[in-house]
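The values are calculated or read from the model by the stated rules, or taken from the named source; none is laboratory data. Because the structure is a prediction, the values reported are computed rather than measured. Note that each Cβ is placed from the backbone with ideal geometry, even for glycine, and that neighbours are counted across all protein chains shown. Surface areas here come from the heavy atoms of the whole protein model, side chains and all, with no ligands, DNA or RNA. Shrake-Rupley method; radii C 1.70, N 1.55, O 1.52, S 1.80 Å.
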Amino acid sequence: MANAEPVFRTGIGTDRHRLAAGRDLMLGGVRIPSDVGAVGHSDADALLHAITDACLGAAGLGDIGEHFPDTDPAYAGADSAVLLAEALSLVRREGWRLGNLDCTVHLERPKLAAHKRAIRERIADICGIPVGCVNVKAKTGETLGPVGRREAVDTVAVALLLQVSPPSGARDTSEDV
Ligand code: MG
């Protein structure tokens, strides 16, 4: 019997951005009212960056830095939602569709409870999946470490990809350019 092709794959993504006054705090494509925001080359959306890495990772497509280098002026102030959408089109080209996302944001303050629904809806919209397939959890740092001292926001995302066609490595690529 021939080896069965995989029908799903998982990927994990993590990110950390420094927090500082005078910056916006973008999480999951939503601007969160806050006295400190995330520092970065793009819009510094640590949650969308973790999700992007999880999706790229599940498809075996490397990481966000390979596709959208932070040394490239083209990505200065970039909308991370656009980067995620571009990453997902690469994922789809490899024959996968996104099944679900589970995410955790580690942030001391502000509390995210009032924003979680909006974040889930925005992520679902960017990714083109039902909001029920996007979960967002929020944790504090218990006043400990970079998160607890409000020096950083940390994020983790896990993505499940479902196969819709054989991966490129398993198909005839003679017509690929
Ligand atoms: Mg980042």
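For the stretch 8-163, the solvent-accessible area with a 1.4 angstrom probe is 46 square angstrom per residue. Is the C-alpha gyration tensor of the stretch 15-133 telling us rounded, prolate or oblate? Criteria: a/c under 1.5 is rounded; beyond that, a/b larger than b/c is prolate, otherwise oblate. Oblate, because a/c is 1.5 or more while a/b does not exceed b/c. Against the chain, whose longest principal axis is taken from its Cα atoms, helix 116-127 shows a tilt of about 30°. Computed extension length for residue 97-residue 121: 6.8 nm, one decimal, from 0.36 nm per residue of separation with the Cα-Cα distance subtracted.
Relative to the longest principal axis of the Cα atoms of the chain, the long axis of helix 80-93 makes an angle of roughly 10 degrees.
Compared with the direct C-alpha span, the chain from residue 113 to residue 163 gains 14.7 nm at full extension, assuming 0.36 nm per residue.
Which parts of the stretch 129-163 would a label at residue 12 reach, counting a residue when its backbone N lies under 14 Å from a point 7 Å out along Cα-to-Cβ? Residues passing the 14 Å test: 155-160.
Placing +1 on the Cβ of every Lys and Arg and -1 on the Cβ of every Asp and Glu, with nothing else charged, gives the chain a dipole about its Cα centre of roughly 840 debye. Please give the FRET efficiency for residue 63 paired with residue 144, using the beta carbon to beta carbon distance and R0 = 22 Å, rounded to the nearest 0.05. Given R0 = 22 Å and the Cβ-Cβ separation, E is 0.20.
Give me the percent of DSSP beta bridges within the stretch 8-163 that run antiparallel, rounded to the nearest 5. Numbers along the way, then the final one.
On the way: 25 of 31 bridges.
Beta bridges within the stretch 8-163, antiparallel portion: roughly 80 percent.
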